[in-house]
Number of protein chains: 2
Amino acid sequence: MTDSVFYNAHHAPIGAFATFTLGFPGSKGGFGIELAKPADEPIYIGVEDVGGGSYSALPFFSYAPEGEPEKRAEADYDVEGLAEFSRPRKVRQFPPSAVRRNMGAGVDEWQAGDLTFRLYSPVRSVPDPDKADPDTLREAIAPAVLAELTVDNREGAKPRRAFFGFSGASRSSGMRLLDESGLVGVGQGACTAIATDDRDVWAGLAFQPEKILEPSDDDNLAFLVGNLGLLVGVVKPGERRTFRFAIGFFRDGQTTTGIETRYLYRRFFGCIEDVLKHALANFARTSSEAEAFDARLRERLSPERAWMTAHAIRSYFGSTQLLEREDGQPLWVVNEGEYRMMNTFDLTVDHVFFEIAMNPWTVRNVLDLFVERYSYEDDVQVPCQSEPKPGGLAFTHDMGVANAFSPRGKSGYEQSGLTGCFSYMSSEELLNWVLTAGLYLTHTGDSAWAASRRGVFLDCLRSLENRDHWEDALRNGVMGLDGARCRGGSEITTYDSLDASLGQARNNLYLAVKAWAAYLLLERALSGLGETSGACRARVQAERAAATILAARDGCGLLPAVIGEGVDARIIPAIEALVYPVAAGLHDEFPELRAALGYHLESVLRTGACKFADGGWKLSSTSRNSWLSKIYLCQFVAERILGRPIDAEADRAHVAWLLDRDNAYYAWSDQMVEGKAVGSRYYPRGVTSVLWMCSGNRPIAELRELLQSRPGRAD
Amino acid sequence: MTDSVFYNAHHAPIGAFATFTLGFPGSKGGFGIELAKPADEPIYIGVEDVGGGSYSALPFFSYAPEGEPEKRAEADYDVEGLAEFSRPRKVRQFPPSAVRRNMGAGVDEWQAGDLTFRLYSPVRSVPDPDKADPDTLREAIAPAVLAELTVDNREGAKPRRAFFGFSGASRSSGMRLLDESGLVGVGQGACTAIATDDRDVWAGLAFQPEKILEPSDDDNLAFLVGNLGLLVGVVKPGERRTFRFAIGFFRDGQTTTGIETRYLYRRFFGCIEDVLKHALANFARTSSEAEAFDARLRERLSPERAWMTAHAIRSYFGSTQLLEREDGQPLWVVNEGEYRMMNTFDLTVDHVFFEIAMNPWTVRNVLDLFVERYSYEDDVQVPCQSEPKPGGLAFTHDMGVANAFSPRGKSGYEQSGLTGCFSYMSSEELLNWVLTAGLYLTHTGDSAWAASRRGVFLDCLRSLENRDHWEDALRNGVMGLDGARCRGGSEITTYDSLDASLGQARNNLYLAVKAWAAYLLLERALSGLGETSGACRARVQAERAAATILAARDGCGLLPAVIGEGVDARIIPAIEALVYPVAAGLHDEFPELRAALGYHLESVLRTGACKFADGGWKLSSTSRNSWLSKIYLCQFVAERILGRPIDAEADRAHVAWLLDRDNAYYAWSDQMVEGKAVGSRYYPRGVTSVLWMCSGNRPIAELRELLQSRPGRAD
């Protein structure tokens, strides 16, 4: 594990689409609510030096470059510089080499000199709002994270000041001091704040930290013109003292359009002061849960894997948004990182392992909204024929973008007439509904829900069959026809920015194996519903898919990326969908398919084909663009299903990608072109990595026990 | 009047702290809610060329500089550029020389080719919410402005598309299409939108305008990933057609902290769609009122003055914020331009002429909040003595900053221990309360309010006396003692960024004349309340002040900027406060003072003293920093009270300052250092210019008739 410590990470409450991002040098972190990237706020965390009168801080704010004069913050007011308002600078930054960091999913700790700064993020399951005890629900979704600032002054001879604060980047509101009994705090508008209940701490606003650290007059601390807010405490000589803070978020009013919602936490909190008080009152429990979670993570995983998993969980939580519709119904959204597409279905199917282990009701909630509003019926195009053939049910790529729910039956992304990025993903999303629903059913046994969705399961089967071929006799189990919405274009897969090897949906190997898996899960779901005939049809299609894949092997036993279209690129995600039958607890009835895919993987996993020079995995032999979320998932399949040993060299390479100086600003990112994050930055999808924690053959149940530290079924 | 047309101007509803800023080239305008500067959004306004298939637009968006490749908008998605998603560019910008503009306070019109684009802003008085008919109030404060796009295709042989749209700069929400019966529109989040009720217009979202102008498929128009929204209509050959739009703003939830409020318009509008429908339904009345207002403006003023007044009124309205407290009480705020200080009292006293003519209840509302929450009692410092002497009532500089109301009795600005910018303005704000209240009383005859404030008037008198000298016998009518809150510092005046000639409060000539005026208005207010003794004391102080000023003349009859402290700079604002007795309708009982000030002005108004080389007025002979709002006010005094002719050369210079390429981005700005706007940019204070419209000796009554186009008293 490299010892680079300067990378941004989310410190996020659950379901608030909010994050306190920190770790990249300069003014590159801070409070983000609903943002596509870090907020780029300066954060001030520091301590007075032992000698007194000067200060050292973590390097999370910017000074003017060496040699350039600092802009006078008061220059817009005192335009001719008559006022001599500035103080000499007394706060320097710790040298990078003096800073240590240790990050888990719950706790992120920095140490420099005798300063320790810890951020605690909640790592919890969210109970079903329709069933939950209100106190449990409130605690799970309180929009706050926690911080601890510790100074060890046991060797010191003088009292030393310690501080924590920020300059807010909101364009519409100024900085303020909180005015609430029992709280000392600084905030911006009614939306973001840092507060403590420690009465020994003072708060102030100024253009520069020196004026708050050493105020000439307490009356000058409420300088609302100042854009910088600090909380300051004093550690006496001989003392080791910890100050505790809550970092709160609050968004009032209507949150989304298309479907009108507000944040569900508004049920419990009327303002940010309520949030801060709640968070401080529950400090001990939240912080100890965070520590316990990290201990479980580290016990099961190598340092590289524990770190990547922690990083991914953080980015996932920072993208979650628990809303409440006008009628009080909860609405769960995972926003798609820098793109902020809402509940992108091909991400949902990757988040499903984590979500079913943590809070399966969110999976059901998303599946239901796809049925209710984001499904449609479509025909299929027949090549060289103007008349379409019947298709059937499909699902949209997403539910909208950045708080704007898209119209009924439409995504915010899909466009007709295309063959690449932004084309339709109808078939892939249809598979994703079946797979996600299948896993949900397996792990909840929610037969009432299954019964209520009987028609949907049957419609999915009919549509999958029709998208294979309109004549049963000519079906091969693999998607062969593009939806009519493409209007002459071609459907794509989730790998929208890759070449045809993974980007084209029709006859794609990745999608063929996924269809095989979906048919198997469909078979079981329909069996459970007593739909014997449908179950049989699904089984037939699964077997056809397996046969088609096996028949596609070339003389060396290798599989082409696109079957029967002359695209002989080699792809790792051929194996991806092997995860679903295993995760669903199905017996392995297709050993030949598994063996063929295992052989394929063994053959392609080498430099020049599906490995980069640094040992990192390359999803397609013909593309430089590789996606970490999918690598993690395929690593799980390779190790636990295909029996390969852990590829520690690859793990080190993947860590290095994330820590690359050009990438580290974006916290966890997915799409890496030769190790550079060029898309899918600041992204939630990496939680596929939690599967690494499973060693047995009941991965989801095992995950639930590991993640929640309690056995049994969640809501 | 220069013919530069490329300058930003506000197009603002009243009381929404919102503006649609437009006019500076590039992506430099757009929707601003509660901002300190323009929103920097690209705005698209254009028409298809006569030949068809190419388009010309006003230059309010940016292309990459010549020779540099345009960033592909889809590059973050289609990371390797495989999708061929972009279309060739077909929209060019009109050459600057082809664009004409004509701006009043109500209508701002551009013409280029056969395209005409007009923006209509409401210019109305706001009725007292506690008394008003709800329909009238709703209409006055609806948070919208209007637009008209006209294409003259009478000579054309082909149908031509016309378009209007924007890319939103909000960091938290994406662009969307409105989904409301009767509206076609594009918006961002729930906060900003452009819409029409014209059923022939279509709306779309894309990365580039070409995809919306010529959609390959109507289903592709709802591309929520796209950051650009356009409304498009078609003008048939042989037709001259106008499309009408509403430009709406909406801010939900808690608006301010310190005092919790929401926008008062929330009483009438539940969402931005309500706002847009209302604005479109009232299009005819709002636009004809705007035209009529501009006609009255142009009838009374030279082109230069009409333009500056229009510009100033726009910037003022864009800074206004009508809020509602939790108990339903209205709360009126004027935000201080780029500084966003709330109800800065030394601006209130400059806005008072406009506000009393338009809606005097807002003046009372502000005065009351100063009494209720933003007043304090303070002692005065005695030089070389540690024991303070009694002072008395004072008012804070402001009520907070950028939606954060400051704590009770505190401004967001004032700091102790200073002698320049950010020091206390206790004495100046005390005078400002007296002058503002005096004008309010004169023009409303609101004796019930006067009676309710009897104690405040008496406290003001006592405090003014004490700030002169603690012994009556040693008083000279002029402020001689700094408040104890200065803690050894010195009070300043509103001219906080100037040198001592205008910046120092103690013994300042500007403040001395202001004190004389305040005592006169106080005398009348106390007389009206039957407080004979208080009225006499005020009269004595006014006479002492006049005598002190007259005695300060040097051998040439010139007055020093600071009396008796050896600061012999010459200042124009010596005459500023002559406005108050005249505006209050008092008889001229101090002809000698008036003559002395007139002589002083005559003597200093020359290059090298109080004129710049370009003929612009220079407020202080020792400072390069001159303020337009105060120049306007002093011009009124010079012309209507001191009998000087209009200085048309100065007007031309002042216009040139505002249109300077470095200044034109900020709409109307106040502080000009040798013609460059370096502070007080994007500023509301220039409405002092409305006084130019008055020719008689009842300026406020005359203004009311001119501005409202109806005689009689407002609420």
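The values are calculated or read from the model by the stated rules, or taken from the named source; none is laboratory data. Only a predicted model underlies this, so the values are computations on that prediction, with no experimental measurement involved. Glycine also receives a Cβ, built like all others from the backbone with ideal geometry; neighbour counts cover every protein chain displayed.
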Leading residue by the ranking (surrounded by the most Cβ atoms within 10 Å (Cβ to Cβ)) among those in the stretch A:271-286 that are more than 14 Å from chain B (Cβ to nearest Cβ), in a helix (DSSP H, G or I) and in contact with an Asp or Glu (Cβ under 9 Å, 6 or more places away or on another chain): A:Thr286
The stretch A:568-582 residues that are within 9 Å of A:Leu509 (Cβ to Cβ) and assigned by TED's automatic domain parsing to the domain that holds A:Thr688, paired with ones that are at pLDDT below 95 and surrounded by 24 or more Cβ atoms within 10 Å (Cβ to Cβ) (beta carbon under 7 Å, 6 or more apart): A:Ile571/A:Ser501; A:Ile571/A:Leu502; A:Pro573/A:Leu502
Count - residues of the stretch A:143-185 that are surrounded by 19 or more Cβ atoms within 10 Å (Cβ to Cβ), under 30 Å from B:Gly337 (Cβ atoms) and in contact with a Leu (Cβ under 8 Å, 6 or more places away or on another chain): 10
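One line per residue, one yes/no per condition, for (1) touching an Asp or Glu at 6+ places or on another chain (Cβ under 6 Å); (2) modelled with pLDDT of 95 or more; (3) not charged (D, E, K, R):
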position: B:Val5; (1), (2), (3): no, yes, yes
position: B:Ile14; (1), (2), (3): no, yes, yes
position: B:Phe17; (1), (2), (3): yes, yes, yes
position: B:Glu41; (1), (2), (3): no, yes, no
position: B:Lys71; (1), (2), (3): no, no, no
position: B:Ser86; (1), (2), (3): no, no, yes
position: B:Arg92; (1), (2), (3): no, yes, no
Tabulated pairs, the stretch A:379-408, first closer than 18 Å to A:Glu429 by Cβ, second basic (Lys, Arg), C-beta under 7 angstrom, 6+ apart or interchain: A:Asp379/A:Lys389; A:Val380/A:Lys389; A:Val380/A:Arg467; A:Gly391/A:Arg467; A:Gly392/A:Arg462; A:Thr396/A:Lys410; A:Val401/A:Arg340; A:Arg408/A:Arg373
Per-region count, the stretch A:438-455, residues crowded, with 19+ Cβ neighbours inside 10 Å and farther than 27 Å from A:Asn697 by Cα: 1
Candidate set: the stretch B:50-73, residues that are in a loop (DSSP other than H, G, I, E, B) and of a type in the set (Ser, Thr, Tyr); chosen: the one farthest from B:Gln208 (Cα to Cα): B:Ser54
Residues (outside any strand (DSSP E or B), touching a residue at least 12 places away in the same chain (Cβ under 8 Å) and either within 12 Å of another protein chain (Cβ to nearest Cβ) or closer than 20 Å to A:Gln321 by Cβ (or both)) located in the stretch B:164-177: B:Gly168, B:Ala169, B:Ser170, B:Ser172, B:Ser173, B:Gly174
Scope the stretch B:636-670; condition outside any helix (DSSP H, G or I) and either of a type outside the set (A, V, I, L, M) or over 27 Å from B:Val582 (Cα atoms) (or both); matching residues: B:Gly643, B:Arg644, B:Pro645, B:Asp647, B:Asp660, B:Arg661, B:Asp662, B:Asn663, B:Ala667, B:Trp668, B:Ser669, B:Asp670
Output for the stretch B:677-697, where each listed residue is part of a loop (DSSP other than H, G, I, E, B) and at pLDDT 90 or above: B:Ser680, B:Arg681, B:Tyr682, B:Tyr683, B:Pro684, B:Cys694
Qualifying residue in the stretch B:553-572 (condition: under 28 Å from the mean Cα position of the chain (by Cα), surrounded by 23 or more Cβ atoms within 10 Å (Cβ to Cβ), assigned to a helix (DSSP H, G or I) and within 14 Å of chain A (Cβ to nearest Cβ)): no
First in the stretch A:178-204 and without any contact (Cβ under 8 Å) to a residue 24 or more places away in the chain, second anywhere and acidic (Asp, Glu), Cβ under 9 Å, 6 or more apart: A:Asp179/A:Glu273
Residues of the stretch B:117-146 satisfying the condition of being among the aliphatic types (A, V, I, L, M), in a loop (DSSP other than H, G, I, E, B) and in contact with a Gly (Cβ under 7 Å, 6 or more places away or on another chain): B:Val123, B:Val126
Conditions (1) more than 12 Å from chain A (Cβ to nearest Cβ); (2) more than 23 Å from the chain's Cα centre (by Cα); (3) hydroxyl-bearing (Ser, Thr, Tyr); number of the one not met by B:Ser86: (1)
Cβ pairs under 7 Å, 6+ apart, first in the stretch A:613-626 and closer than 16 Å to B:Val79 by Cα, second among the aromatic types (Phe, Trp, Tyr) and part of a strand (DSSP E or B): A:Leu619/A:Trp627; A:Ser626/A:Trp617
Hits in the stretch B:8-49 (condition: under 20 Å from the mean Cα position of the chain (by Cα), outside any strand (DSSP E or B) and within 29 Å of B:Glu210 (Cβ to Cβ)): B:Asn8, B:His11, B:Gly23, B:Phe24, B:Lys28, B:Pro38, B:Ala39, B:Asp40
Whichever residue in the stretch A:614-652 is among the hydroxyl-bearing types (Ser, Thr, Tyr) and away from every other protein chain (no Cβ under 14 Å) and, among such residues, is farthest from A:Leu498 (Cα to Cα): A:Tyr632
Residues of the stretch B:499-525 that turn out to be under 19 Å from B:Val349 (Cα atoms) and either of a type in the set (A, V, I, L, M, F, W, C) or not assigned by TED's automatic domain parsing to the domain that holds B:Asp346 (or both), as a count: 14
Sole residue being part of a loop (DSSP other than H, G, I, E, B) and in the same structural domain as B:Leu35 (by TED's automatic domain parsing), chosen from B:Gly233, B:Gly226, B:Gly204, B:Gly248: B:Gly226
Of all residues in the stretch A:396-437 being surrounded by fewer than 24 Cβ atoms within 10 Å (Cβ to Cβ) and over 21 Å from B:Tyr77 (Cα atoms), the one that is nearest to the other protein chains (Cβ to nearest Cβ): A:Pro407
